[in-house]
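Student: Have a look at this one before I ask anything.
The values are calculated or read from the model by the stated rules, or taken from the named source; none is laboratory data. These numbers were taken from a predicted model, which means no experiment stands behind them. As a convention, Cβ positions derive from the backbone with ideal geometry for all residues, glycine included, and neighbour counts pool all protein chains shown. The protein model used for the area step is the full one, side chains on, heavy atoms only, and it has no ligands, DNA or RNA in it. Shrake-Rupley method; radii C 1.70, N 1.55, O 1.52, S 1.80 Å.
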Amino acid sequence: MAIDPLALVPTITNVGLAAALRAQGDGIELRLSHVAVGRGLPDGGSWKGYVPTRTQTALVREDVRVPILSGSTIPDYGFRILARLPRTTDGSETQVREVGWVLETGELLCVWSEVAPAPLAYRTPRAEVDLAHELYLAQFPLSALAITVQQPDIPDTTGVLALLLAAQARTFVADLTLEQRAFARGIC
């Protein structure tokens, strides 16, 4: 499986790796339960991403931490995760320039950030942000890790919506064809 070039490929932290190795040795399973997002590094009145380090124990500037809403396992690679970031409550728009994945114990498993001209997303007072992503952890002992989701029965409706759109497009084309024939015969 090739890694999607747009995927979030995090840096595993030393505390996260140590927790996984302890869990694997103890025969227990770690639970990934939350996603944290932050602004990154201050940059003259704005914010910028950075290159994460293995020694991090927290995000540089965490704004919000939310439970994982839904998710599934990608065998041998990691997880597909959905987290809902709330609206800002102070009227501000905040950039998302760093993301952290947090274990139930509160330890930071891994962190993503990158030096890029644009942020990953913005949090605003007008809308919640659904952060749906694939978390690739191929260098990690996945047998020691599971995800805890808030609503495990959220269906993936993308396929159904695509089928409905295709059916509507076929109906529209058929109706258009009938109208063209009627016009050509002078019926309209």
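Student: Excluding ligands, DNA and RNA, what is the solvent-accessible area per residue of the chain at a probe of 1.4 Å, expressed in Å²?
Tutor: Solvent-accessible surface per residue comes out at 58 Å².
Student: What percentage of the solvent-accessible surface of the chain, computed with a 1.4 Å probe over protein heavy atoms, is contributed by carbon and sulfur atoms?
Tutor: Here it works out to 57 percent.
Student: Give the angle, between 0 and 90 degrees and rounded to the nearest 10, that separates the Cα long axis of helix 14-26 from the longest principal axis of the Cα atoms of the chain.
Tutor: The two axes meet at around 80 degrees.
Student: Quick one: the Cα spread of the chain along its three principal axes, in angstroms, biggest first?
Tutor: Sorted largest first, the three principal extents are 78, 46, 29 Å.
Student: Please give, to one decimal in nm, the separation of the simple spin-label points placed at Val51 and Ala174, each 7 Å out from Cα toward the Cβ.
Tutor: Computed distance between label sites Val51 and Ala174 equals 5.9 nm.
Student: Continuing with this model, one more query. Once you keep just the Cα pairs under 8 angstrom separated by 6 or more residues, what percentage relative contact order results for the range 40-186? Mind showing how you got there, number by number?
Tutor: Values: 202 pairs, mean separation 38.7, N = 147.
Relative contact order of the range 40-186: 26 percent.
Student: Would you mind computing, in nm to one decimal, how far apart the modelled labels at Glu93 and Asp43 are, each placed 7 Å from Cα along Cα→Cβ?
Tutor: Each label point is offset 7 Å from its Cα along the Cβ direction, giving 1.6 nm.
Student: So if I take the alpha carbon set of the range 73-118, get Rg, then get Rh from the Kirkwood formula, what is the Rg over Rh ratio? Provide the component values of the computation, followed by the final result.
Tutor: On the way: Rg = 13.9 Å, Rh = 13.5 Å.
So for the range 73-118, dividing Rg by the Kirkwood Rh gives 1.03.
Student: Arg84: accessible area at probe 1.4 Å, nearest 10 Å²?
Tutor: Its heavy atoms expose roughly 100 Å² to the probe.
Student: Further question on the same structure: Extending each Cα 7 Å along its Cβ direction at Ala166 and Arg22, get the distance between those two points in nm, one decimal.
Tutor: 5.0
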